[in-house]
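Notes for the one structure printed next.
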Amino acid sequence: MTRILITRPMPARVIEVARAHFEVEVREDNTPLKTGQMKGALVLYDGILPTLGDMFSAEVFAEAEGSRCRILANFGVGYNHIDVAAARAVGIAVTNTPGAVTDATADIALMLMLMSARRAGEGERLLRAGRWMGWNPTQMLGLHMTGKTVGIVGMGRIGQAIARRCHFGFGMEVLYHNRSAKPVDFPARQVESVAALAAAADFLVVAVPGGAGTRGLIGAEVLAVMRPSAHLVNIARGDVVDETALIAALSEGRIAGAGLDVYEREPEVPEALRALENVTLLPHLGTAALEVREAMGLMAVANLRAFFAGEALPNPVE
Ligand code: 8YV
């Protein structure tokens, strides 16, 4: 029987469906796999269902030629923790779960835009600390979001879902930066550079994949051209934004605020960032809803099933 390792506890429905098709071992531990565990898993299992934090680096695959494992069906759309070229070099396929994560991640982006613009975290902290002195006409004024300009960095599935919400829900002007033009059924203008987008946006929203190609894309130069009234939102991967440069921009008031769901070294979040009032910090909640996590898990299992049935992979990662 085909042996599968699921590297973390998952919603019951996912395990149930996986067990209906495979001999499944579920690791009852929420910490990422260590290098030795990954190497061992490649030897012991036919397929692995890994996720964020399981760092399948080139080193892990170095001696995996001819090992039992033939596929990594990642739980999540982002796969920057897997060296896909190194996997391919030893004949291991990689798949991910696009589609399943799109709306939930876009929802979190909108939540962070609103929370940052309207100072929701700061207000909640104030109230809980017993420091709210009552309503007044100039209390905690934030930025009005309706009708403003959003600049979306990366107009893939998630970027487009954010754009739709901004246009149809908030009457916002949509600008985006993307390698290719994206035909969408609402007004959206492509801007030639990230810097030009940053300069024109009230909200700069990061929705590009992580990895070497986008590391530090939002650095000091981009932050420097943002408006002092503008907000940065990152729901993509932490290392796309230079955290040190962001802390400097926020603490010097060079931008109005930021909303972050992802960090350079998760789960470490720099004390200097946690100390700031003008930043909203979420613990990577992008897809944290049961039905979404079920859909992601079922999509990963569907990829495993297709692979072992000799069918085309629904969601191959190239
Ligand atoms: C996932 C995400 O829940 O799908 C992704 O890439 O960033 C998340 O929302 C998590 O990273 C597991 O992959």
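The values are calculated or read from the model by the stated rules, or taken from the named source; none is laboratory data. Because the structure is predicted, anything quoted here is derived from the model rather than measured. Every residue, glycine as well, gets a Cβ built from its backbone with ideal geometry; the counts of neighbours run over all protein chains shown.
From the set of residues in segment 87-110 that are crowded, with 21+ Cβ neighbours inside 10 Å and more than 16 Å from the ligand (Cβ to nearest atom), which is nearest to Leu44 (Cα to Cα)?
Filtering segment 87-110 for residues that are crowded, with 21+ Cβ neighbours inside 10 Å and more than 16 Å from the ligand (Cβ to nearest atom), the one nearest to Leu44 (Cα to Cα) comes out as Ile92.
Are any residues in segment 28-82 basic (Lys, Arg) and either modelled with pLDDT under 95 or outside any helix (DSSP H, G or I) (or both), and if so, which ones? Working first, answer last.
Of the residues in segment 28-82, the ones basic (Lys, Arg) are 34, 39, 68, 70.
If the condition is that a residue be basic (Lys, Arg) and either modelled with pLDDT under 95 or outside any helix (DSSP H, G or I) (or both), then Lys34, Arg68, Arg70 are the ones that fit.
Pairs only if they're at least six apart or on different chains, beta carbon under 9 angstrom, first in segment 87-106 and of a type in the set (D, E, K, R), second at pLDDT 95 or above and more than 12 Å from the ligand (Cβ to nearest atom); list them, first residue then second.
If the second residue must be at pLDDT 95 or above and more than 12 Å from the ligand (Cβ to nearest atom), the pairs left are Arg88/Val94; Asp103/Ala161.
From Thr138, Thr105, Thr149, grab the single residue that is in contact with a strand residue (DSSP E or B) (Cβ under 6 Å, 6 or more places away or on another chain) and among the polar types (S, T, N, Q). Quick ask: steps written out before the conclusion?
Details: Thr138 fails: in contact with a strand residue (DSSP E or B) (Cβ under 6 Å, 6 or more places away or on another chain); Thr105 fails: in contact with a strand residue (DSSP E or B) (Cβ under 6 Å, 6 or more places away or on another chain).
Checking each option against the conditions leaves just Thr149.
Across segment 60-86, what is the total count of residues that are more than 9 Å from the ligand (Cβ to nearest atom), more than 18 Å from Gly40 (Cα to Cα) and out of contact with any helix residue (DSSP H, G or I) (no Cβ under 9 Å at 6 or more places or on another chain)? Lay out the reasoning, then the answer.
First pass over segment 60-86, keeping only residues more than 9 Å from the ligand (Cβ to nearest atom): 60-73, 82-86.
Now restrict to residues that are more than 18 Å from Gly40 (Cα to Cα): 84-85.
Checking which are out of contact with any helix residue (DSSP H, G or I) (no Cβ under 9 Å at 6 or more places or on another chain) leaves us with 84.
Residues meeting the conditions: 1.
Determine whether Glu271 is in the same structural domain as Phe75 (by TED's automatic domain parsing) and farther than 21 Å from Ile82 by Cα. Steps first, answer last, please.
Numbers: in the same structural domain as Phe75 (by TED's automatic domain parsing): no; farther than 21 Å from Ile82 by Cα: yes.
Considered against the rule, which asks whether it is in the same structural domain as Phe75 (by TED's automatic domain parsing) and farther than 21 Å from Ile82 by Cα, Glu271 comes out as no.
Check Asp261 against each of (1) within 16 Å of the ligand (Cβ to nearest atom); (2) farther than 18 Å from Gly121 by Cβ; (3) out of contact with any Asp or Glu (no Cβ under 6 Å at 6 or more places or on another chain); (4) among the charged types (D, E, K, R) and name the one condition it does not meet.
Every listed condition holds for Asp261 apart from (2).
Can you say whether Val279 is closer than 21 Å to Met111 by Cβ, modelled with pLDDT of 95 or more and within 16 Å of the ligand (Cβ to nearest atom), as far as the supplied structure shows? Break it down stepwise before answering.
On the way: closer than 21 Å to Met111 by Cβ: yes; modelled with pLDDT of 95 or more: yes; within 16 Å of the ligand (Cβ to nearest atom): no.
No.
Could you list, in sequence order, all residues of segment 139-190 that are of a type in the set (Ser, Thr, Tyr) and farther than 25 Å from Gly123 by Cα? Steps first, answer last, please.
So in segment 139-190, the residues of a type in the set (Ser, Thr, Tyr) come out as 146, 149, 176, 180.
Answer for segment 139-190, where residues must be of a type in the set (Ser, Thr, Tyr) and farther than 25 Å from Gly123 by Cα: Tyr176, Ser180.
Would you pick out the residues in segment 171-189 that are outside any loop (DSSP other than H, G, I, E, B) and under 26 Å from Gly238 (Cβ atoms)? Even if it seems obvious, please write down each step before you answer.
Narrowing segment 171-189 to residues outside any loop (DSSP other than H, G, I, E, B): 173-177, 189.
Hits for segment 171-189 are Val174, Leu175, Tyr176, His177.
Just checking, which of Val174, Val184 is more than 16 Å from the ligand (Cβ to nearest atom), more than 25 Å from Ala275 (Cα to Cα), in contact with a His (Cβ under 6 Å, 6 or more places away or on another chain) and of a type in the set (A, V, I, L, M)?
It is Val174.
Which helices (runs of 4 or more DSSP H) sit wholly inside segment 198-312 and have at least 3 residues that are of a type in the set (D, E, K, R) and under 20 Å from the mean Cα position of the chain (by Cα)?
Details: elements: 220-225, 243-251, 271-274, 290-308.
So the answer is 290-308.
Go through segment 248-267 and give me each residue that's out of contact with any strand residue (DSSP E or B) (no Cβ under 9 Å at 6 or more places or on another chain) and under 20 Å from Gly142 (Cα atoms). Before you say what the answer is, go through the steps one by one.
If we filter segment 248-267 for residues that are out of contact with any strand residue (DSSP E or B) (no Cβ under 9 Å at 6 or more places or on another chain), which is where we start, we get 248, 251-254, 265-267.
Those that are out of contact with any strand residue (DSSP E or B) (no Cβ under 9 Å at 6 or more places or on another chain) and under 20 Å from Gly142 (Cα atoms): Ser251, Glu252, Gly253, Arg254.
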